[in-house]
Amino acid sequence: MNRETVSAPSNIALIKYMGKADAVSNLPTNPSLSYSLKHLRSFVSIEKTKQDIDTVNSFTGEIQVELSEKAVKRYLKAFAKLKSVFALEDNYVIRTGNNFPSDSGLASSASSFAALCLASFKLACEEKSKKEALSALALSEDSNEAGLMEALSELSRKFSGSSCRSFFKDWSVWQNTGAKAIDISFKDLKYIAVVVSQRQKKVSSSVAHLEVLTSDLFTGRPERAKARCDKLLQAFEARDWQQAFEIVWAEFWDMHALFETSKVTFGYMEPGSLKVLRYIKQYWDENKDGPICTMDAGPNVHLLFRADQDKVFTEIKDKLSQSFLLLGD
Ligand code: PMV
């Protein structure tokens, strides 16, 4: 990895972005709320080349990534757009990789597109000037870091919706007006991804966003998600972790119910997912404490622990590691 490498974190949504109001620019049908996973990152470096095309390679060494032909095409298309935004005319070699296994069934599009946008901005500052790079984003020289992140986030959203939340430390909320950092008093959470399956998923999240609109249960979904987002923020404000767990639990089941009831039925839940969910629920019932638990469009289970939950964290980690591959803290 060279000095010029930039990185962006993955993020896990507690209120889900599912369903697009506009599929071209990835506008969501409802607000979403996520926590940035600072240890799970994508890395990107961009270097000028004499070749007559742009190319994408994966980093060699400890940073693993397997680039499918489709992923490379999507990445190059995004980079072509970024080059036109920043008026970059040369050709470049992009090197990319994640510090988490690409075959672990964890989404990496959020972190990889966020890292590409950050690296392209850095490149534009070097090749042109910071002033020109900022002006390409309709920002002035005295704009602050938050403004820059919000502008890059908006650009990145068009390449991968959920990537727009990967520009902010800790918590981020994405509403129709764009994504921004949000201050929530629970900080330095610990994270575990319970890898139930490493198989490539059959239905991509892009397809899921379209299919859910055909479910009868989609009626009222934007309102339900918005109400849950508001309630979750109130629960965090009141430092009511159990209430937060319950809201997040209902939210991911709501999303998975949409998958299972769309006109062309599909789903990601596997026996292993249910085993983990049952264990977590039982843990909560017995201890009146536990992690926040969620699932994305995949079979893996994501757990978030408060910084003071050392015992809970160790007990759950020890138990689940007997049957599953765990990633994270
Ligand atoms: O950004 P996309 O198109 O990969 O959609 C991601 C959707 C979920 O991961 C299922 C939910 C979310 O908000 O991240």
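Values in this text are rule-based calculations from the coordinates and carry no lab data. On a predicted model such as this, the values are computed, not experimentally measured, just so you know. Neighbour counts run over all protein chains shown; Cβ positions are idealised from the backbone, glycine included.
Measuring against 27 Å, Cα to Cα, the residue pairs Lys226/Lys263; Lys122/Lys158; Lys77/Lys128; Lys122/Lys169; Lys202/Lys288; Lys50/Lys201 contain Lys202/Lys288; Lys50/Lys201 as the ones spanning a longer distance. Computed about its Cα centre, the charge dipole of region 108-163 is approximately 200 debye, with only Lys, Arg, Asp and Glu carrying charge at their Cβ. The residue list Leu233, Thr219, Ser206 was ranked by how far each Cα lies along the charge dipole of region 199-265 toward its positive end, using unit charges on Cβ atoms, and Ser206 comes out on top. Please tell me the relative contact order of the chain in percent, rounded to the nearest whole number, where contacts are Cα pairs under 8 Å and at least six residues apart. Relative contact order comes out at 21 percent.
The equivalent ellipsoid of region 268-329 has semi-axes of 18, 13, 11 Å, largest first, where each one is the square root of 5 times an eigenvalue of the Cα gyration tensor. So if R0 is 56 Å, what FRET efficiency would Ser25 and Asp240 give, r being the distance between their Cβ atoms, rounded to the nearest 0.05? E between Ser25 and Asp240, to the nearest 0.05, is 0.95.
Take Ser204, project a point 7 Å from its Cα along the Cβ direction, then tell me which residues of region 297-327 have their backbone nitrogen under 19 Å from it. Answer for region 297-327: 297-299.
Per-residue 3J(HN,Hα) values for region 181-194, derived from phi via the Karplus relation 6.51 cos²θ - 1.76 cosθ + 1.60 with θ = phi - 60°, read 6, 9, 8, 10, 6, 7, 10, 6, 5, 9, 10, 10, 9, 8 Hz in sequence order (x marks Gly and Pro). Name the residue from Ser156, Gln243, Asn144 whose Cα lies farthest towards the positive end of the charge dipole of region 129-268, charges +1 on Cβ of Lys and Arg and -1 on Cβ of Asp and Glu. Looking along the dipole axis, the top candidate is Ser156. I need the calculated FRET efficiency for the pair Gln175 and Leu325, taking r as the beta carbon distance and R₀ as 45 Å, to the nearest 0.05. About 0.80, to the nearest 0.05.
Residue separation of Asn287 and Asp230 scaled by 0.36 nm, minus their Cα-Cα distance, works out to 17.8 nm of gained length. About the Cα centre, and with charges only on the beta carbon of Lys, Arg (+1) and Asp, Glu (-1), how big is the dipole of the chain? Nearest 20 debye, please. For this selection, approximately 480 debye. Mean residue ellipticity at 222 nm, helices only, the chain: -12500 deg cm²/dmol; runs of at least 4 DSSP H residues each add -39,500 (n - 2.57), and the sum is divided by the number of residues.
Our coupling estimate for region 221-228, obtained by passing each phi through the Karplus curve with A = 6.51, B = -1.76, C = 1.60 and θ = phi - 60°, is 4, x, 5, 4, 5, 5, 4, 5 Hz, Gly and Pro reported as x.
Among Glu150, Glu141, Glu127, the largest mean-square fluctuation in a Gaussian network model of the chain (Cα springs under 10 Å) belongs to Glu141. Subtract the Cα-Cα distance of Val93 and Glu145 from 0.36 nm times their separation in residues, and report this length gain in nm to one decimal. Working it through step by step, the gained length comes to 16.0 nm. Among Ala110, Ala124, Ala146, the residue with the largest mean-square fluctuation in a Gaussian network model of the chain, with springs joining Cα atoms closer than 10 Å, is Ala146. Across all Cα atoms of the chain, the radius of gyration (one decimal) and Dmax (whole number) stand at 19.8, 63 Å. If only the Cβ of Lys and Arg carry +1 and only the Cβ of Asp and Glu carry -1, the dipole of region 35-176 around its Cα centre is close to 280 debye.
Springs between alpha-carbon pairs under 10 angstrom, Gaussian network model over the chain: which of Pro222, Pro31, Pro299 fluctuates most? Fluctuation is largest for Pro222. Full extension of the chain segment joining Thr314 with Cys125 gains 63.6 nm, where the gain is 0.36 nm per residue of separation less the Cα-Cα distance. One Cα centroid belongs to region 144-185, the other to region 280-329; the line between them spans 27 Å.
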